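Data block below; observations after.
Rule-based calculations on the coordinates, nothing more; no lab input. Every value quoted in this text rests on a predicted model; they were computed, and no experiment measured them. As a convention, Cβ positions derive from the backbone with ideal geometry for all residues, glycine included, and neighbour counts pool all protein chains shown.
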Amino acid sequence: MQLYDLIIIGAGPAGMTAAVYAARKRLNFMVIANDIGGQPLWNSAVENYLGYSYISGVELVKKFEEHVRKYKVGIKTEKVVDITKIDNIIIVKTEKSSYESKAVIIASGKKPRQLNVPGEKEFAGRGVTYCATCDAPLFTGNDVAVIGGGNSALDACIQLTKIANKIYLIDIEKKLRADPILVEKIKNAVIVFNSTKVLEIAGNKFVSGVIIEKENNQETLAVQGVFIEIGMTPNADFAGIVKKNEMNEIIISKKNETNVPGIFAAGDVTDVPGKQIIVAAGEGAKAALAAAEYIQRN
């Protein structure tokens, strides 16, 4: 089995930036990821990435990928299921194979948090979705509900205003937590339910409604689509070897080190505050430099 200098898990902003730096350090490395792009693919618009006053998430990812491909980086589309370490060798196991390396950077990002109500799993892909950027066009002319009150929920609403007939925004909190500029954009375009709990997603073969409760009163909203935008959870279940905090985020040092020598982490999967594309990219660069130093030292 080939022994790599470095394996990078994830191909979002942190993983792709780490790949560029690893290539410039002339490391023998590979990238393993479920997909290329990560969370930016779900963003309709990116307005705070330096150098771009406005760019879509898809376009930004394309720029990242073009940059990475110039270094002829090997990317395997596989799902990582476990990481172990024997002596000084780190073994990364996927659903298809196993790979050995001197160092690893975990940059696997986050995955959508589920609502965990009746009907959610049953109607996933049949009216229930977690990605407005991916699926909004499928609901052209329909009535839809967006669940959540943060930036991702309001971004979904903004995308849907150009597509859907009627939009309900359902938030369990008393007040929306999104940036004021986003709240202003949905004003008069979305019907907002604050302090409202989703009890069930109803339907037959496809979604036909969402059952909500507000001030002990239940109501059914007739919708054909439900966009669940209640935040993200770290995609780190496979990384049982490293220490995490109460939110399942990987705990790292200022040099992106985990508690296991040779295993580094970067981006939204870690406990670094500020879950932003530009922050993740910077953390990916830091992790690659730290990993290169570790490999040289050992």
Margin query: List the residues, sorted by chain then number, that are 5 or more residues from Thr233 or on another chain and whose placed amide H is less than 5 Å from its amide H.
Written below: Lys111, Arg113
Item checked: At 0.692 mPa s and 37 °C, Stokes diffusion of the chain via Kirkwood alpha-carbon radius, µm² per second -> 161 µm²/s
Notebook entry, point to check: When the Karplus curve 6.51 cos²θ - 1.76 cosθ + 1.60 is applied with θ = phi - 60°, which whole-Hz ³J(HN,Hα) does each residue of the range 215-232 get, with x for Gly and Pro?
Noted result: 6, 6, 10, 9, 8, 10, 9, 7, 9, 9, x, 10, 9, 8, 10, 10, x, 10
Checklist line | Interchain or long-range residues, amide H under 5 Å from Phe193's placed H | finding: Leu169, Ile170, Asp171
Notebook entry, point to check: When the dipole is taken about the Cα centre of the range 41-169, and only Lys, Arg (+1) and Asp, Glu (-1) are charged at their Cβ, what size is it in debye, to the nearest 20?
Noted result: 320 debye
Next item on the list: Go through 172-182, 21-31 and give me the packing order, highest mean Cβ count within 10 Å leading.
Entry: 21-31, 172-182
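Count charges around Lys111 for me, please; just the other residues with Cβ under 11 Å from its Cβ, Lys/Arg as +1, Asp/Glu as -1.
Numbers: positive: Lys110, Arg113; negative: Asp237, Asp268.
Here the charged neighbours net out to 0.
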Margin query: Would any residue of the range 10-41 have its amide N under 19 Å from a label point 7 Å out along Cα→Cβ of Lys96? List them or say none.
Written below: 10-12, 16, 29-38
Item checked: Backbone HN-Hα couplings from phi across the range 141-155 [Karplus 6.51/-1.76/1.60, Hz, Gly and Pro as x] -> x, 8, 8, 9, 10, 10, 9, x, x, x, 4, 5, 5, 6, 5
Check: Stretch Lys275-Lys205 to full length: gain in nm at 0.36 nm per residue minus the Cα-Cα span?
Finding: 21.5 nm
Checklist line | Amide H contacts of Lys166 (H built 1.01 Å from N, under 5 Å, at least 5 apart or other chain) | finding: Asp143, Val144
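Run the helix sum for the chain: -39,500 (n - 2.57) per DSSP H stretch of 4+ residues, divided by residue count, reported at 222 nm to the nearest 500 deg cm²/dmol. Working shown, then result.
Working: 6 runs with 67 residues, N = 298.
About -7000 deg cm²/dmol.
What does the charge add up to near Arg69, with Lys and Arg as +1, Asp and Glu as -1, over the other residues with Cβ less than 14 Å from its Cβ?
Net local charge, Arg69 excluded: +2.
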Check: On full extension of the chain, what length is gained from Lys254 through Thr84, given 0.36 nm per residue of separation minus the C-alpha to C-alpha distance?
Finding: 58.9 nm
Check: To the nearest Å, what is the center-to-center distance of the range 200-264 and the range 88-145, using C-alpha atoms only?
Finding: 10 Å
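Can you pull the Rg over Rh of the range 128-228, Cα-only, Kirkwood?
Numbers: Rg = 12.5 Å, Rh = 13.3 Å.
Ratio of gyration radius to Kirkwood radius: 0.94.
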Next item on the list: With θ set to phi - 60°, apply the Karplus curve 6.51 cos²θ - 1.76 cosθ + 1.60 along the range 52-65 and write out the HN-Hα couplings as whole Hz, x wherever there is a Gly or Pro.
Entry: 10, 6, 7, 7, 6, x, 4, 5, 5, 4, 4, 5, 4, 5
Item checked: Asp179-Asn116 pseudo-label distance in nm [points 7 Å out on the Cα-to-Cβ vector] -> 3.0 nm
Margin query: For a protection proxy built on the mean count of beta-carbon atoms within 10 angstrom, sort 123-133, 221-231 highest first, please.
Written below: 221-231, 123-133
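How long is the gain from Arg26 to Thr77 if the chain were fully straight, where each residue apart is worth 0.36 nm and the alpha carbon distance is subtracted? List each step's numbers first, then the result.
On the way: separation 51, 0.36 × 51 = 18.36 nm, distance 2.23 nm.
So the chain would gain 16.1 nm between Arg26 and Thr77.
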Checklist line | Taking N as its residue count, the alpha carbon Rg of the range 174-257 over 2.2 N^0.38 Å | finding: 1.58
Notebook entry, point to check: Counting Lys and Arg as +1 and Asp and Glu as -1, what is the net charge of the other residues whose Cβ lies under 10 Å from the Cβ of Ala290?
Noted result: +1
